[in-house]
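The values are calculated or read from the model by the stated rules, or taken from the named source; none is laboratory data. The shown structure was predicted, so the numbers you read here are calculated from the model rather than taken from an experiment. Positions of Cβ are generated from backbone atoms using ideal geometry, with glycine treated the same way; all protein chains shown enter the neighbour counts. Heads up: the accessible areas ignore ligands, DNA and RNA and are worked out on the full protein's heavy atoms, side chains in. Shrake-Rupley method; radii C 1.70, N 1.55, O 1.52, S 1.80 Å.
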Amino acid sequence: ILSLSGNEDLRGELPKSNWSTPLSHLGLAYTAFSGNIPDSIGHLKSLNILVLKNCNFDGLVPSSLFNLTQLSSIDLGNNHLTGSIGEFSSSYSLEYLILSNNKLRGNFPNSIFELQNLITLSLSSTDLSGHLDFHQFTKLKNLYYLDLSYNSLLSINFDSTADYILPNLQFLYLSSCNINSFPKFLAPLQNLAQLDLSHNNIRGSIPQWFHEKLLHSWKNIAFIDLSFNKLQGDLPIPPNGIEYFLVSNNELTGNFPSAMCNASSLNILNLAHNNLTGPIPQCLGTFPSLLALDLQMNNLYGNIPANFSKGNALETIKL
């Protein structure tokens, strides 16, 4: 094991040769190492964990990495890597693949769908392009965390007639993915904890099954972001236990439902830029953890609740 992570003053380039030791774990995260990741790193045939996130590496992702079949975790996130993602060996035992926040290009590699043990896949902000059939993710039965956000050149097809079974998925981030309808594959999910569908082009009313899931099924959900879409109809009711509820910049209408007062664990509530009407619920001033409340650009009327002034954690109020 070699771990130098967190030493922000370590800098320079990695050596291009002599990567033949029986290392199983190499961690250089949060350092100032730069330059190319040497292709000779592929000589580490016993390598199980590679963590090079939050450095200054550039150049291509070494093709030799895709032949290290003992690797269970690759984290190269938050660098300046370029080029395309290679094709993985079918015998890969990979569980964690994180390449987010780089300058990668090219098509989504289909070989990812053969990584049957994959638990975490994070490819956000990578400039991937091409056509992606979302149904293929059902091959990844162990998938727990999926982030494809901010890939504006990637066209994702959500076939509404297909059966999606992702039994272990709990964290799903699909912000800015050119989605234009509410994904039906969310309906069978049982243990969703975080959902981000913001900055898409989702139109129409929020499906009734989504309202039902919020109130009765998703007991562990803590984060929902549906902001910057074109959603219409009634405001969905945030469930008890949720901490972040963001549905700003839509076309939602109606009054605040009284059941919103059950969401007393909220930290952030952002309902700005909709067509909501009616008085502001008094209960919002009693939520003990509510730090930021944004209700601006609606059609609210009545009085500002007097209990907003003290006895709570509010730091930001926008009316």
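Data for the structure
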quantity: Karplus (6.51, -1.76, 1.60) ³J(HN,Hα), θ = phi - 60°, over the stretch 260-268, in Hz, Gly and Pro reported as x; calculated: 4, 5, 7, 8, 6, 8, 4, 9, 10
quantity: 5 angstrom amide H check on residue 278, placed H, neighbours 5+ away; calculated: 301
quantity: Among 302, 285, 241, residue whose mean-square fluctuation peaks in a GNM of the chain (springs only between Cα atoms under 10 Å); calculated: 302
quantity: Cα-derived Rg over Rh, computed across the chain with Rh taken as Kirkwood radius; calculated: 1.04
quantity: Solvent-accessible area per residue for the chain (1.4 angstrom probe, square angstrom); calculated: 44 Å²
quantity: Computed helical MRE - 222 nm, the chain, DSSP H runs ≥ 4 contributing -39500 (n - 2.57), nearest 500; calculated: -500 deg cm²/dmol
quantity: Most mobile of 15, 238, 109 in a GNM of the chain (Cα contacts under 10 Å); calculated: 15
quantity: In order through the stretch 109-122: 3J(HN,Hα) via Karplus (6.51 cos²θ - 1.76 cosθ + 1.60), integer Hz, x for Gly, Pro; calculated: x, 5, 5, 4, 6, 9, 7, 5, 8, 5, 9, 10, 10, 10
quantity: Protection proxy ranking of 257-265, 178-186 - average other beta-carbon atoms within 10 Å, highest first; calculated: 178-186, 257-265
quantity: Karplus 3J(HN,Hα) series, Hz, for the stretch 211-219 with 6.51 cos²θ - 1.76 cosθ + 1.60 (x for Gly, Pro); calculated: 4, 5, 4, 4, 7, 10, 10, 7, 6
quantity: Lone cysteines, the chain (no partner Cβ under 4.7 Å); calculated: 55, 177
quantity: Amide H within-cut-off set for residue 107, under 5 Å, with H built and near neighbours excluded; calculated: 129
quantity: Cut-off 11 Å between beta-carbons: net charge of the residues surrounding residue 174, Lys and Arg +1, Asp and Glu -1; calculated: -3
quantity: The chain - percent of accessible surface contributed by carbon and sulfur, probe 1.4 Å; calculated: 47 percent
quantity: 17 Å Cα-Cα reach of residue 318 towards lysines, excluding residues that sit fewer than 8 places from it in its own chain; calculated: 310
quantity: Protection proxy ranking of 228-234, 311-317 - average other beta-carbon atoms within 10 Å, highest first; calculated: 228-234, 311-317
quantity: Long-range amide H partners of residue 132 with built H, under 5 Å; calculated: 155, 156, 157
